[in-house]
Each structure stands twice: as C-alpha cells, then as structure tokens.
1. Using only the heavy atoms of the protein chains and a 1.4 Å probe, how would 206, 267 rank by accessible area, largest first?
2. Using each residue's phi in the stretch 293-310, evaluate 6.51 cos²θ - 1.76 cosθ + 1.60 at θ = phi - 60° and report the 3J(HN,Hα) Karplus result to the nearest Hz, with x for Gly and Pro.
3. May I ask you to evaluate 6.51 cos²θ - 1.76 cosθ + 1.60, the Karplus curve with θ = phi - 60°, for each residue of the stretch 99-110 and list the ³J(HN,Hα) values in order in whole Hz, giving x for glycine and proline?
4. Quick check on my link table: of 206/382; 206/358; 358/382, which ones sit more than 30 Å apart, alpha carbon to alpha carbon?
5. Using 0.36 nm per residue of separation minus the Cα-Cα distance, give me the extension gain between residue 330 and residue 10 in nm, one decimal.
6. Among 36, 361, what's the order by accessible area (1.4 angstrom probe), most exposed first?
7. Ordered by residue, what ³J(HN,Hα) values in Hz, to whole numbers, does the stretch 156-162 give under the Karplus form 6.51 cos²θ - 1.76 cosθ + 1.60, where θ = phi - 60° and Gly and Pro are x?
8. Would you please give the residues with an amide H less than 5 Å from that of residue 332, counting only those at least 5 places away or on a separate chain, with H modeled from the backbone geometry?
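The values are calculated or read from the model by the stated rules, or taken from the named source; none is laboratory data. Remember, it's a predicted structure, so these values are computed and weren't measured experimentally. For neighbour counting, all protein chains shown are included, and Cβ atoms are generated from backbone atoms with ideal geometry for every residue, glycine included. Ligands, DNA and RNA are stripped out before the accessible areas are found, and what is left, the full protein with its side chains, is counted by its heavy atoms. Shrake-Rupley method; radii C 1.70, N 1.55, O 1.52, S 1.80 Å.
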Amino acid sequence: MADLVALTDDVLAEILLRVSSLRDLARASASCASFHRVASSQSFLGRFRPLHAPPPLGVFCCYPAGRGGTAGSQFHAALPPHSSAPLARAVAHSADFSFAFLPRPAADWLVRDSRDGRFLLDRARDGSTAFTEVAICDPLFWRYLRLPPIPDDLAASVENPYVQRTGDGDLQSRSSEIFLASRSDDSVSEEDLAFTVIWMACCRGKLVAFFYSSESQQWRVLSPPEHYALSTRRVMGVRLGQRNHAHGCFYWMVALTHRWLVLDTRKMEFSIIDISPVLSGRAMMFSNQITTVESRDGRTTVVVSDVFRPDKRCVLYFYGFMYFTDRWQLQNRVTLPEEWGYRFRGIIGAAEGYLFIKLDHSKENLNDQSEQHVEYFSLDVKTMQLGSFCQTTLLTVTEAYLYCGFPPSLLLPSV
C-alpha cells in the first residue's frame, strides 16, 4: 500500500483509464481512498467519458392516469444476466425517479424527455397546454433547474397549436413538444453543465420552433424549412413526440409522405429528406417501425421494421444512411423469432451498438394476469445476437425511454 500512496494522481488516472469495464472501475474506486479521489475528480471524468459510452441501465416507463387517478412513472433496471445489471441496481438504489424533489404537488409534473442522464419535466402554467413550466432534473443527485418562460414576443407566433399528447384534463394534455438535445461537440468536458432544450408546436399550416441554450439563458427562434411536405394538411400529421435521434440530428415522419423532417442541432437548421427508397413496398402504420442507430464512424444506420407481412413474421432491414445524399445501402436483413411476430411493439432506443426491442406478453399468459408482463430485449447490431434486458408488469405505457448512464460514484451533478 505504501507504493500505491507514492503514486501521483496523474499516474493513478492513467491506470484507471485503462480499466476495461465500468464495473471494474467502480470496484477499483471503492477499494481505496486514492482511487476514489482520482476517479471522482472532474479532470478524470472529463477524460473518461469520451473513452467509455454510458451503458444502458434500464427502461424508464411513463404510465397514464387510471380512472380519476394520476399519471406516474417507474424505472425498471436491467436484470441478470445482462452485464449492466449490477450498475443498474446501484443507480436504482441511489436515484429518485419519482422526482419528489421537485416543487409540489409532484403529481402535476410530467416526464417529457430523457437524454444524457438528465430528465425534462413540465407542468401546466396559467391554464396553457402549450406554454408550460419546465424543469431539467438530475435524479441521481436530486437536483433540478427551472427554465424561464418563453417570451411573449415569441409566443405570439403560436396560434391554436394542435394537441400532441392527450391526458386527463389540462394537467396532462400538451399541445407542444419539448425535449433535450445532446451535446455532440467533442470540446465539451464533463464539468460543463451546458444543455439545449427544443420547443416545437404544429399550428395550422406552419411549424413553430424555439430553442433554449443554458449558455445564453435565452429562448431563440428556429426557422422550419419551406416545403410543400409541411402544407396545411400535412403538418397536422407530424407527431412531434415520435422522433428518432442520431449524431445530433432528430427525425420525424411527415404524414402522407415518405419524407423525414430533420433538425440538425449542431447547426440548428431544419431540412426535409426523402426516405422512400427504404419504405417502398412496406406498410408503415406506426412511427416506431423506423429507428436510427449511431455508428462509430459517424454515420447513421436506419432500421426499418416490416411487421405487416403475410407470413406474420417480423423482419428488420438495416440501411446505411449518408446524410445530405440520396444513397441508401441495404446492409443486413434479420428475421426475428417466429413467436415475436404478434408480440413485437417496436424499438424503443439504441445504445452501444444495440437495439432495444419491446415485446408484449405471450399468448400463454393471456388468462393469467399475474404472469402478464412486457419484456425488453437487446439486439447486437454487429453479431445479431438477442439477449434479455429487463421486464415490467406495466401493460399500458405512454412513453418508454431507454436510460443510459454511469454509477453514482463515477458521476458529477448534471444541473
């Protein structure tokens, strides 16, 4: 131990950066005070995060109010034999996923988004379902930050926005969509608490969007593209809550077209992309039939779920996507297990080269309510191997977020 004490913090940091897994790093951090001091320092975490992507730890589910009750949410940790199960248990034990630390009454707050370990919640303000009170939360450290309201001069451009989320009265209905944008700039360090929030609404014949930067602490206008795909009739069908994300870009299906509405948050610019080559000949009934996956070379893989087939099988098609080009390349085709055909309910997210698939309970459990549960599986995009991830007894879920993060011992507050 005397030799260990003699090592400088710089040398200890170089040793810890070479630990192969997060589980081993957490164990090393807990083994002695010197390792813990280095592993929890801002300088070490700033170097560690770019080398190790946060692992998937579980699924965060939001469920609707039932018969006069209140809506709620629940975190479901990864279960053994998944490799993240030990870290997921540590997070579930430390975090407050009920967000009881927010201003009361807690039942007024709705979870709207989750990204990079942060959660975005809002509650109705002054009777408005569009302009709500917004809070950014860190459930691991029980901290939150309330955003300033959108200024009146910007809000004046929003006229009769269409309802995006229904609920039990104005407390749970929303006529705007609000979400977090990732920080994709490699220069951003771990101790940098900056974040960006996007606010969007569909009005008659137009799309209105604003963004808030914690660095400027101001709301600003985002100009949507002028395109016939966003005409008066079609803008009603842009379901803003049903979006995909990869490499700093968000994607929405535009109703009655084979096009994507794209927001590049690195430039804060909208565009329209034709995706008809990957949808031709396939029935697209739900937005979660198409998913984006980040590849390590900076490209985006698009996964199309073909579920309405005569043979009742579910087939996944993997396409290479070159942004700002018309080039699409079929990379792989995977047929899921036969019994999944009627259970498949979409892909809820992607992380570390895995897709996470939602399955309803099996037919064998239809008459036994105690055995009914929703299962989540992981699919390795490279090897196409399937594995169990987690499960929940919540059969009716309004939103399901894949939660990725680090154990509390390797984190700093994010707000």
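1. Largest to smallest exposure gives the sequence 267, 206.
2. Coupling constants for the stretch 293-310: 10, 7, 9, 5, 7, x, 8, 10, 9, 9, 10, 10, 9, 9, 10, 9, 10, x Hz.
3. Calculated HN-Hα couplings, in order: 6, 5, 7, 6, x, 6, x, 5, 5, 6, 8, 10 Hz.
4. Listed pairs above 30 Å: 206/382; 206/358.
5. The residue 330-residue 10 span can extend by a further 110.6 nm.
6. So the residues, ranked largest to smallest area, are 36, 361.
7. Residue by residue, the stretch 156-162 yields 5, 7, 9, 10, 6, x, 6 Hz.
8. The list, which skips near neighbours in sequence, is 318.
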